[in-house]
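Okay, so here's the structure we're looking at.
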Amino acid sequence: MLLVYPTLGEGAFLRGRALRRESWRGRELLLGEGWRGLELGIGKVNTAAVLASYLQSHEVERVLLLGIAGAYPHSALRAGDVAVAAAEVQADLGTAAGLRPLGVAALRVGEQDYYNRFPSDPLFSAELAARVGRRPLVFLTRDKVSESPAEAAELAAFWEAALENMEGAALAQTAAWFGVPWAEVRAVSNEAGVRDKSRWRTDLALQALAAFSAGLF
C-alpha cells in the first residue's frame, strides 16, 4: 500500500514505523514492511504531479491519503475527530456550479465521465470507516481555503461536503486515471473558514491521525 501525505508534519508519525527513509525526486519516501510513505507537497498541482510520476514508475495496489483538514460547521465534526472520504469534490474547476453547466468532464475513464466529484473506492473506504465508527463523508478540495464561516457554509451546502482540504480531489482524479483504488482519511484541525490559528488544534489532529493509523499496517 502507498501512504501519501501533503506535508512532512502530516507524515511525521510514520517515520518511527519505517525501516528506511529515502528521498524520491526531492520528496520524502519512507519504506516500511508492506507499505511505502510518500510526501506529496501542499496543494493540487504538487499532489497530481508527484502521484502521477510515482504511479507511472511503480506498481501500486492502492493508495491512501492521510492528512488534516478543516470541518464545515454543519458536519458536527470537532477538532481531533477522524473522517473517511466517500468522495472528493474538485470545487475550483469550471463555474461556481462546477463543470456540468459547461458540458465538459474533467476526466473520462472508459465510459465513465467525472466532472467535479470523484468517489473513493467503496470497499477500501468502508474498511477504514469501520475503524473510525463513522460513515464516509464527502470531502471538498480547493486551492484557496475558505476565508470566513459564511463562505465555508455556502460551499458546504452546495456541494454537501463535510471537510475542506487542498489536495484530495487531485489525488482522486489522478488515481482514477491510473485505475488505482484510493481512499482518504483526515483528522480535523479547525473549523473551515476560521483563519485565527490560535483557535486551531493541529496538534490534536496529528495525534488523532497517528492513533487511527496504529495497527493499520
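The values are calculated or read from the model by the stated rules, or taken from the named source; none is laboratory data. Since we're looking at a predicted model, the values are computed, not measured. Backbone-built Cβ (ideal geometry, glycine too); neighbour counts: all protein chains shown.
Restricted to the range 129-154, and to residues that are polar (S, T, N, Q) and surrounded by 21 or more Cβ atoms within 10 Å (Cβ to Cβ), which residue is nearest to ALA211 (Cα to Cα)?
THR141
Every residue in the range 61-95 that is without any contact (Cβ under 8 Å) to a residue 12 or more places away in the chain and either touching a Cys at 6+ places or on another chain (Cβ under 9 Å) or of a type outside the set (S, T, N, Q) (or both), please.
Result: ALA76, single match.
Determine whether GLU160 is closer than 18 Å to PRO73 by Cα, of a type in the set (Asp, Glu) and in contact with a strand residue (DSSP E or B) (Cβ under 8 Å, 6 or more places away or on another chain).
yes
Step by step: first the residues of the range 39-62, then only those that are of a type in the set (Gly, Ala, Ser) and part of a helix (DSSP H, G or I), then the one that is farthest from ALA183 (Cα to Cα). Which residue is that?
Here the answer is SER57.
Out of the residues in the range 132-179 that are of a type in the set (Phe, Trp, Tyr) and in contact with a helix residue (DSSP H, G or I) (Cβ under 9 Å, 6 or more places away or on another chain), state the one that is nearest to LYS197 (Cα to Cα).
PHE139
With the checklist (1) over 25 Å from GLU151 (Cβ atoms); (2) part of a strand (DSSP E or B) in hand, flag the one item VAL89 doesn't pass.
Just one mismatch for VAL89, condition (1).
Are any residues in the range 135-180 at pLDDT 95 or above and of a type in the set (Lys, Arg), and if so, which ones?
Within the range 135-180, ARG135, ARG142 meet the criteria.
Filter the range 32-66 down to the residues that are on the phi < 0 side of the Ramachandran plot and small (Gly, Ala, Ser), then identify the one that is surrounded by the most Cβ atoms within 10 Å (Cβ to Cβ).
Among those residues, the one meeting the criterion is GLY37.
Could you list, in sequence order, all residues of the range 92-118 that are among the hydrophobic types (A, V, I, L, M, F, W, C), farther than 14 Å from LEU171 by Cβ and in a strand (DSSP E or B)?
VAL109
For residues that are among the hydroxyl-bearing types (Ser, Thr, Tyr) and buried (at least 18 other Cβ atoms within 10 Å of the Cβ), scanning just the range 159-217, find the one that is nearest to the chain's Cα centre (by Cα).
Filtering the range 159-217 for residues that are among the hydroxyl-bearing types (Ser, Thr, Tyr) and buried (at least 18 other Cβ atoms within 10 Å of the Cβ), the one nearest to the chain's Cα centre (by Cα) comes out as THR174.
Check off (1) over 23 Å from GLU61 (Cα atoms); (2) among the aliphatic types (A, V, I, L, M); (3) touching a residue at least 12 places away in the same chain (Cβ under 8 Å) for LEU102 and give me the number that stays unchecked.
All conditions are met except number (3).
Just name the residue that is nearest to ILE68 (Cα to Cα) out of those in the range 1-50 that are among the aromatic types (Phe, Trp, Tyr) and touching a helix residue (DSSP H, G or I) at 6+ places or on another chain (Cβ under 8 Å).
If we take residues in the range 1-50 being among the aromatic types (Phe, Trp, Tyr) and touching a helix residue (DSSP H, G or I) at 6+ places or on another chain (Cβ under 8 Å), then TYR5 is nearest to ILE68 (Cα to Cα).
Here is a list: GLU191, GLU164. Which entry is within 16 Å of ALA86 (Cα to Cα) and acidic (Asp, Glu)?
GLU164
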